[in-house]
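Scroll down for the structure; my scribbles are underneath it.
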Amino acid sequence: MPRILAIDYGIKRTGVAVTDEMQIIASGLTTVPSETAIAFLKDYFSKEYVIKVLIGEPKQMNGLASESTPIIEKFVADFKTAFPEMKVERVDERFTSKMAFQTMIDSGLKKKKRQNKALVDEIAATILLQDYLLRKMI
């Protein structure tokens, strides 16, 4: 069975998470510099069968687009150009970074490790993907 991949795209870093082949469990894959995200994905897709990619959609509390929306929209356009056959689904990413940070606290990570923004991005992508999987099951 193919995997589903989630992307938490940011100006500097991009968090990536992926499901197992049964599409049951979401796991953090990595964080890459945003300027290398497409190249990383080309390499990953050449090795793994991915059927769908979720890309976080930043929104403000009132549901309107955030100030980072144009940057992410450009990435989405670049992604669709690089991977025209790949199914893309946009998902609300509100609170994923805060939830990721809280997850780090709850899991007992020391303050030094919680300052690792790359880890926060990877966990945020994982939360985005796990939430999607839970909604899909309902």
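The values are calculated or read from the model by the stated rules, or taken from the named source; none is laboratory data. All figures in this text were calculated on a predicted structure; none of them were measured in a lab. Cβ: placed from backbone, ideal geometry, glycine included. Neighbour counts: every protein chain shown.
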Inset, instruction - Mind listing just one residue for me: the one in segment 42-61 that is under 22 Å from Lys136 (Cβ atoms) and in contact with a helix residue (DSSP H, G or I) (Cβ under 9 Å, 6 or more places away or on another chain) and, of those, surrounded by the fewest Cβ atoms within 10 Å (Cβ to Cβ)? - result: Lys59
Legend entry - Single condition Asp131 does not satisfy, out of (1) more than 18 Å from Arg3 (Cα to Cα); (2) at pLDDT below 95; (3) of a type in the set (Asp, Glu): (1)
Legend entry - strands (runs of 3 or more DSSP E) completely within segment 4-79 that count 1 or more residues being hydroxyl-bearing (Ser, Thr, Tyr): 13-19, 26-33
